[in-house]
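For reference, the structure is listed below as structure tokens.
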Amino acid sequence: MNLKLLPLFICLNFFLLPLSLAADTNEDLYQALLGLASEDDQTRQDSIGQMERIGGPLVSELFEAYRLGELYFYNDEVVLSNGIIQDDRYVKHIRPVDVFTREYIVDEDFLVPLRQVLSLSADRNERKLLSSSQMLVQLTLDDKKNLLNSIRRSSDDDRALDAIPLLETLSREDRSRQVRFNAAESLLLIELRNSHHIPLEVINRLGEMKSLRAYPLLEELTKGELEPIEKQTIYEALRKIRGLQRRVKIFDVIKSALSTGSILILMALGLAVTFGMMGIINMAHGELMRRGAYTTYCIQLLFGHTAENPVAIFYIFALPMSFLASALVGGFIEWSVVRRLYKKPIESLLATYGISLILVQLIRLLFGDNRATNTPQWLQGAVNFS
């Protein structure tokens, strides 16, 4: 071999090796996915175990798709579909998507009749296995929301002992305080659940952490026969946790009062100002607020914001536009009807009540009964009391 080409050979191997490993991983994962199409229960369970060992974000997403029944076996391949489409003749179809690239198998207009595919969905026994496997996979990922959910689930899962090494790593890693706290808490809860005696040191630490998740376990322990030192330790831990529970309840009451109260105050102020200045009882006041809410929903659709594909900037545009949309509808109602009813409260009450019925039915015709917006990630989360 020419020594001058050696550096080039080393560089090529350096860049091509990860690609080769990724291809091998995808091949192993795809073979495991094919196992989910088997009629044999053990084969499907073995496939779930194989996918768990491969791990990674894609496996977590495929576990969720399998749980929701979004995987199908079509043309000797496992494909994804995000829903069932029904045509004018009431024939149901799916739009097959590649599990790795998330691109349409043919194109967006290509539909496959549901009767020509095999739906892959976890049965009752597999769901339990799937939940544990997904929990263990998510403990290795960086998605904080799913990571925290999996950490909290791990303490009472059937495979909690398998999660111990991962939780120990998370409790020591340079991650957020919330992740470290929950990981350490879950480790103590697993030790408490699986101990053959009452571990006083563990109970002491749970009490110092004011572990809300430990409260029902500690209460259960008080129902058995205890030594004086055990009883004292458990009741002291419960006392500390109850102190945190009281603070959480007080915070919840204040939060709910401010949240609900601010909405009611805004509505009351609007009604009071309208009646005080114009002598109008506006029964369509709530419908004007609803216009703002549906404007937010429309702008969310315009930006393509979803829980899976967040585009949080939509909220910056939706906030002023919701006020503007309500103002425009309110101005149109005033120009067309209300200006003729100043200082006529009874007539205005009847007229605006009729307008509210029209606006309600218009929303139902356009959007249906139930629609929801996805809150931007920076407005999500919780306050951690400890």
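Rolling a 1.4 Å probe over the protein heavy atoms gives the stretch 268-318 an accessible area of 54 Å² per residue. In this simple spin-label model, placing a label point 7 Å from the Cα along the Cα-to-Cβ direction at both Lys240 and Asp158 gives a separation of 3.4 nm. When both the stretch 297-337 and the stretch 68-142 are represented by their alpha-carbon centers, they are found 33 Å apart. Relative to the longest principal axis of the Cα atoms of the chain, the long axis of helix 177-194 makes an angle of roughly 60 degrees.
Per residue, how much accessible area does the stretch 98-245 show when a 1.4 Å probe rolls over the protein heavy atoms, in square angstrom? That works out to 57 Å² per residue.
On a 1.4 Å probe surface of the protein chains, which of Glu208, Glu52, Glu126 comes out largest in accessible area, and what is the full order?
So, going from the largest accessible area down, we get Glu208, Glu52, Glu126.
For the stretch 252-292, a/c is not less than 1.5, where a ≥ b ≥ c are the root eigenvalues of the C-alpha gyration tensor, and a/b does not top b/c. That puts it in the oblate class. In the chain, a dipole from Cβ-located charges (positive for Lys and Arg, negative for Asp and Glu) runs towards its positive end, and of Ile299, Val112, Ile48 it is Ile299 whose Cα lies farthest in that direction. The base-10 log of I(q)/I(0) for the stretch 284-363, evaluated at q = 0.15, 0.16, 0.27 Å⁻¹, reads -0.60, -0.65, -1.22 [Debye formula, identical scatterers on Cα atoms, solvent excluded].
Protein heavy-atom surface of the chain, 1.4 angstrom probe: 58% of the accessible area is carbon and sulfur, with nucleic acids and ligands not counted. Once you reduce the stretch 338-361 and the stretch 239-266 to the center of their Cα atoms, the two points are 38 Å from each other. Using helices alone, I'd like the mean residue ellipticity at 222 nm for the chain: each DSSP H run of four-plus residues gives -39500 (n - 2.57), total over residue count, nearest 500. My calculation for the chain gives -22000 deg cm²/dmol from helical runs alone.
Seen from Arg242, the other residues with C-beta closer than 12 Å to its C-beta sum to a net charge of +4, counting Lys and Arg as +1 and Asp and Glu as -1.
The values are calculated or read from the model by the stated rules, or taken from the named source; none is laboratory data. Being a predicted model, the structure only gives us computed values, none of them experimental. Note: ideal-geometry Cβ built from the backbone for every residue, glycine included; neighbour counts use all protein chains shown. Quick note on the areas: whole protein, heavy atoms, side chains included, nothing else; ligands and nucleic acids left out. Shrake-Rupley method; radii C 1.70, N 1.55, O 1.52, S 1.80 Å.
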